[in-house]
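Asker: Structure incoming, see below.
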Amino acid sequence: REHKVAQQDDGSYLVGTYHEIVSLLHDPRISSDPRHRTEPPEQEPGAQNLPPSFIALDDPEHDRLRRIANRPFGPPHTPGLIDSLTDDITAIADELITALASRDRIDLVDDFAFPLPVTVICRLLGVPAEDIPQVHAWTTDIIASLDFDAGDDVDQRRRTALAARDEMADYLGRLAGQRRGHPTGDMLSAFVGNPGGSGDPGDPGAPGDPGDGRPYSEPELKATTLLLLIAGHETTVNLITNGMLTLLRNPDTLTLLRETPDLMPAAVEEILRYEPPLQLLPQRTPLTDIDIAGVTVPQGVPLILALAAGNRDPLRFADPDRFDITRADNQHLGFGSGVHNCYGAPLARVETRIALTLLLTRLDRPSLAEDPPPYRRSPILRGPRHLPLA
Ligand code: HEM
């Protein structure tokens, strides 16, 4: 704990304390764009050489693209889009749980946590029901390439993932094209909305709109929709699964939550602190030499921010290794902080609260069939690959 910043064997610097991570996430001298590295990562082949998505850009470009992505959530498009989705999410989750009832053994990942977020985000974007299985298949191929298991054909998996990304980008581009001039109230319609606007105050297309009234260009649209599908999928799967695993390991908390369902929002926040799906932010780069807790980190080297360590920092959280859903002031780093804080946090929160509430009420005395369960092999994402329940 004396070493808040450590240089690693590969030359990158790792920061693992709460205060330093938050300061860096709010510091304009720290870039999210890996092209500012002294040794920039190789450009990935395939994926149609799409431009970087806004998670890997700095302001003002990041701000412009994120504001367009926010349009579906403001007037005049669909105010309260997430709230209005509650019934839809409950219905999708309910259907998946009903299908579980007929099985002796359940894998919570494959049978529930994996299909739920992809179906929800497809509905939000406006993917027609008959195409959801195809989008599901593409996302499965893309996410499989994040797992690196020795012995498997990593190159082949990468090629499959890139091909899936290309096909999905083309598909989403075509779908958005159909919305041009024929809006249907979904996210894609808002992304390609009328750039002139109606002139109403608050109309995202109106003059003075911080997005400049311009909708996404075709490549920007593809890059953004791919980002939403990928950034929002595996993370939500892991939050639901890490949540159920942690609750089953803490039967007193499980009982408390069953007796006091109003504690569910606080429980989801504590799961995000205690077992955050995104353990590290691997992409930051200092634009100039910078002093962090007495260590000079040179311009252009990779800077890794360990959110999961910040969430267990005893200088910030009392008794940090204790899972406590009644914790006051739980400002965890599970969704990051600063201008890049998670765009999908409201959706992930609603989805996980509904998913866990239904699992706790509908499953009959679930228990872990294996503890610990097998984990996905990734240094960045943490979550079981399977979660067999008895
Ligand atoms: C950004 C976590 C769900 C879309 C982030 C960041 C974190 C995070 C830590 C900050 C990245 C950075 O600073 O570089 C999570 C977790 C989720 C979740 C733990 C689920 C439990 C979602 C969902 C969506 C989404 C459902 C989409 C619908 C995004 C996007 C960004 C982002 C677009 C980039 C924001 C920006 O650069 O301005 N997420 N996320 N996330 N997340 Fe999430």
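The values are calculated or read from the model by the stated rules, or taken from the named source; none is laboratory data. Source: prediction; values computed, not measured. No Cβ is skipped: glycine too gets one built from the backbone with ideal geometry, and neighbour counts run over all protein chains shown.
Asker: Please enumerate the residues belonging to segment 197-228 that are in contact with a Ser or Thr (Cβ under 9 Å, 6 or more places away or on another chain) and modelled with pLDDT under 90.
Answerer: If the condition is that a residue be in contact with a Ser or Thr (Cβ under 9 Å, 6 or more places away or on another chain) and modelled with pLDDT under 90, then G205, A206, Y216 are the ones that fit.
Asker: Within segment 360-378, is there a residue that is within 28 Å of R66 (Cα to Cα) and in a helix (DSSP H, G or I)?
Answerer: No, because not a single residue in segment 360-378 is within 28 Å of R66 (Cα to Cα) and in a helix (DSSP H, G or I).
Asker: Name the pairs: first residue in segment 353-370 and under 15 Å from V109 (Cα atoms), second residue assigned to a loop (DSSP other than H, G, I, E, B) and aliphatic (A, V, I, L, M), Cβ to Cβ under 8 Å, at least 6 apart or on different chains?
Answerer: That search, which allows pairs on different chains as well, returns P366/A390; S367/A390; L368/L387; L368/A390; A369/A390.
Asker: Moving to a separate point now. When you go through (1) at pLDDT 95 or above; (2) within 16 Å of the ligand (Cβ to nearest atom) one by one for P372, which number turns out not to apply?
Answerer: Among (1) at pLDDT 95 or above; (2) within 16 Å of the ligand (Cβ to nearest atom), the lone unmet condition for P372 is (2).
Asker: Tell me which strands (runs of 3 or more DSSP E) are completely within segment 249-356 and hold 3 or more residues being within 16 Å of the ligand (Cβ to nearest atom) and surrounded by fewer than 17 Cβ atoms within 10 Å (Cβ to Cβ), or say none if there are none.
Answerer: No strands (runs of 3 or more DSSP E) qualify here.
Asker: Ok, one more. Go through (1) over 17 Å from D186 (Cα atoms); (2) not in a helix (DSSP H, G or I) and name the single condition V127 misses.
Answerer: Only one criterion in (1) over 17 Å from D186 (Cα atoms); (2) not in a helix (DSSP H, G or I) is unmet by V127, namely (1).
Asker: Also, quick follow-up: Within segment 211-248, can you find the residues that are assigned to a helix (DSSP H, G or I) and away from the ligand (no atom under 11 Å from the Cβ)?
Answerer: Passing the criteria: E218, P219, E220, L221, K222, M244, L245, T246, L247, L248.
Asker: Out of (1) more than 30 Å from G126 (Cα to Cα); (2) of a type in the set (A, V, I, L, M, F, W, C); (3) modelled with pLDDT under 95, the odd one out for L24 is which?
Answerer: (3)
Asker: Cβ-Cβ below 7 Å, separation at least six or inter-chain, first residue in segment 139-161 and more than 21 Å from Y171 (Cβ to Cβ) and of a type in the set (A, V, I, L, M, F, W, C), second in a loop (DSSP other than H, G, I, E, B) and modelled with pLDDT under 75: which pairs?
Answerer: Pairs that qualify, where the first residue is more than 21 Å from Y171 (Cβ to Cβ) and of a type in the set (A, V, I, L, M, F, W, C) and the partner is in a loop (DSSP other than H, G, I, E, B) and modelled with pLDDT under 75, are V154/F148.
Asker: Do the conditions hold for P40, that is, is it assigned to a loop (DSSP other than H, G, I, E, B), within 22 Å of L227 (Cα to Cα) and at pLDDT 90 or above?
Answerer: Answer is no for this residue.
So that you can scan it fast, the table gives a plain yes or no per residue for (1) within 16 Å of the ligand (Cβ to nearest atom); (2) crowded, with 18+ Cβ neighbours inside 10 Å:
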| residue | (1), (2) |
| --- | --- |
| L116 | yes, yes |
| A129 | no, no |
| I132 | yes, no |
| H136 | yes, no |
| R158 | no, no |
| A164 | no, yes |
| E167 | no, no |
| D170 | no, no |
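Asker: Counting only residues that are within 16 Å of the chain's Cα centre (by Cα) and part of a loop (DSSP other than H, G, I, E, B), how many does segment 102-124 have?
Answerer: Summing the residues that are within 16 Å of the chain's Cα centre (by Cα) and part of a loop (DSSP other than H, G, I, E, B) in segment 102-124 gives 1.
Asker: Test of understanding: among D364, D319, D329, which residue is over 23 Å from T235 (Cβ atoms) and under 23 Å from the mean Cα position of the chain (by Cα)?
Answerer: Of the residues listed, the single one that is over 23 Å from T235 (Cβ atoms) and under 23 Å from the mean Cα position of the chain (by Cα) is D329.
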